[in-house]
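The values are calculated or read from the model by the stated rules, or taken from the named source; none is laboratory data. What you see is a predicted model, and the numbers here were worked out from it, not measured in a lab. Positions of Cβ are backbone-derived with ideal geometry, glycine not excepted, and every protein chain shown enters the neighbour counts.
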Amino acid sequence: MPRIFGCALRLPSSVILFSLLAGGVLLGITGALLALPVAATVRMLIEELRIERPGQQKQAEDVELQERDDRNEKEYARRAEGMPAAESAAIADEISSNRLKEENSLSTKTDAPS
């Protein structure tokens, strides 16, 4: 059972077993029934709300992506200042298509055999 629930909820078998035991001991049958959804929710929250600790290094890929986002936002703000909404949308579309082309060219360069 823990293996089946573990695959469905993407939780280790040990967490499933511990959750069922703890829920059953604390709240009886109701606790056992609620233990797995609570465990899955806690795991999801931990993954989604993960906060970087002061000594933790960011991955270079994430830093590069953030820098590109910042550059594109500054370019959009500079070019779209005082423009009507339709022209601003066209500028945003142009910037996003240029970025998509840039990302595709970077991925094809890294995928190419040496």
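Rundown of residues vs (1) modelled with pLDDT under 85; (2) under 30 Å from Arg10 (Cβ atoms); (3) out of contact with any Pro (no Cβ under 7 Å at 6 or more places or on another chain), yes/no style:
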{"residue": "Ile51", "(1), (2), (3)": "yes, yes, yes"}
{"residue": "Arg71", "(1), (2), (3)": "no, no, yes"}
{"residue": "Tyr76", "(1), (2), (3)": "no, no, yes"}
{"residue": "Ser96", "(1), (2), (3)": "no, no, yes"}
{"residue": "Glu102", "(1), (2), (3)": "yes, no, yes"}
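Tally time: how many residues in segment 69-82 are surrounded by 12 or more Cβ atoms within 10 Å (Cβ to Cβ) and either under 18 Å from the mean Cα position of the chain (by Cα) or of a type in the set (A, V, I, L, M, F, W, C) (or both)? Residues flagged as surrounded by 12 or more Cβ atoms within 10 Å (Cβ to Cβ) and either under 18 Å from the mean Cα position of the chain (by Cα) or of a type in the set (A, V, I, L, M, F, W, C) (or both) within segment 69-82 amount to 1. Filtering segment 83-100 down to residues that are in a helix (DSSP H, G or I) and of a type in the set (A, V, I, L, M), which residue is surrounded by the most Cβ atoms within 10 Å (Cβ to Cβ)? Selected residue: Ile95.
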